[in-house]
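Undergrad: Take this structure first; my questions come after.
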């Protein structure tokens with residue numbers, strides 16, 4: 001039976017990753033790391049944002065963000081980008097995980113679609129999708145700040161609420177709170193506070209000009225938004 005369960009989970013996660021990364025040519029690394037001596041925005045600009053995610057419904061399963069999905073807009077067959085998220089910069093057990101996220105893009109207009117996360121250890125592993133679906137624009141040779149996102153997972157009590165993750169596999173998703181939960185999302189402009197965090201974590205930003213282009217308040221995306 002153990003072999004069957006292990007095989008099922010492995011196959012499920014393979015399919016899930018294929019689905020989530022569909023259309024993305026490659027998974028790109030974070031734009032910033034602590035070993036970076038200087039920032040190069042000559043070819044692609046940089047986007048930064050801070051994120052706090054908390055599972056208040058099933059506190060033992062705090063989501064750990066693994067990827068950011070960004071789609072190009074205003075173009076037919078626009079490109080789809082997937083960016084790896086480095087480990088959390090702050091973790092409070094059974095309460096929350098916090099991230100300083102960065103990625104590089106060519107100038108253009110984009111939609112920050114989802115943050116993909118996982119939680120748990122074998123045999124129970126939950127998968128989560130934090131739905132942002134907000135549009136932003138970035139010019140050439142820029143570093144822009146998109147704001148601070150807080151995503152709180154609570155029990156889903158209304159059929160109109162977006163699920164925090166897929167329903168299958170039934171046990172994993174139910175135990176982790178993904179299928180029975182929904183994300184309450186708030187986007188704030190914490191420019192001054194976040195600049196202090198980013199510059200402490202990434203000294204290469206110390207002398208960089210960073211534009212405050214915080215996203216507007218979050219609204220639940222419509223079906224059209226999620227196409």
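Undergrad: Can you tell me the orientation of helix 2-20 relative to the chain, as the angle in degrees between its alpha-carbon axis and the longest Cα principal axis, to the nearest 10?
TA: 40 degrees
Undergrad: Related question: Please state the relative contact order of the chain as a whole percent: Cα pairs under 8 Å, 6+ residues apart?
TA: Details: 495 pairs, mean separation 50.4, N = 227.
The normalised contact order for the chain reaches 22 percent.
Undergrad: Rounded if a/c is under 1.5, else prolate if a/b is larger than b/c, else oblate: which is the range 126-227, with a ≥ b ≥ c the root eigenvalues of its Cα gyration tensor?
TA: Verdict is prolate for the range 126-227.
Undergrad: Follow-up question, since we're still on this one. What are the extents of the Cα atoms of the chain along their three principal axes, in Å, largest first?
TA: In descending order, the Cα extents are 56, 41, 35 Å.
Undergrad: Can you put 51, 154 in order of Cβ neighbours within 10 angstrom, beginning with the fewest?
TA: Least crowded to most crowded, the residues run 154, 51.
Undergrad: How would you classify the range 64-142 from its alpha-carbon gyration tensor, with a ≥ b ≥ c the square roots of the eigenvalues: rounded for a/c under 1.5, else prolate if a/b is greater than b/c, otherwise oblate?
TA: Numbers: a/c = 2.92, a/b = 1.92, b/c = 1.52.
Judged from the Cα gyration tensor, the range 64-142 comes out prolate (a/c at least 1.5, a/b above b/c).
Undergrad: So how do 211, 28 line up by other beta-carbon neighbours within 10 Å, fewest first?
TA: 211, 28
Undergrad: Okay, next question. Grab the DSSP H runs of the chain that are 4 residues or longer, score each as -39,500 (n - 2.57), total them, divide by all residues and round the 222 nm result to the nearest 500 deg cm²/dmol.
TA: Numbers: 3 runs with 37 residues, N = 227.
Only helices count here, giving -5000 deg cm²/dmol.
Undergrad: Mind pulling the angle between the C-alpha long axis of helix 191-201 and the longest principal axis of the chain? Nearest 10 degrees, somewhere in 0 to 90.
TA: So the helix axis and the longest Cα principal axis differ by about 80 degrees.
Read the figures in this text as sums done on the coordinates, not as results from a lab. The model shown is predicted, which means the values in this text are computed figures rather than measured ones. All Cβ positions, glycine included, derive from the backbone under ideal geometry; neighbour counts span all protein chains shown.
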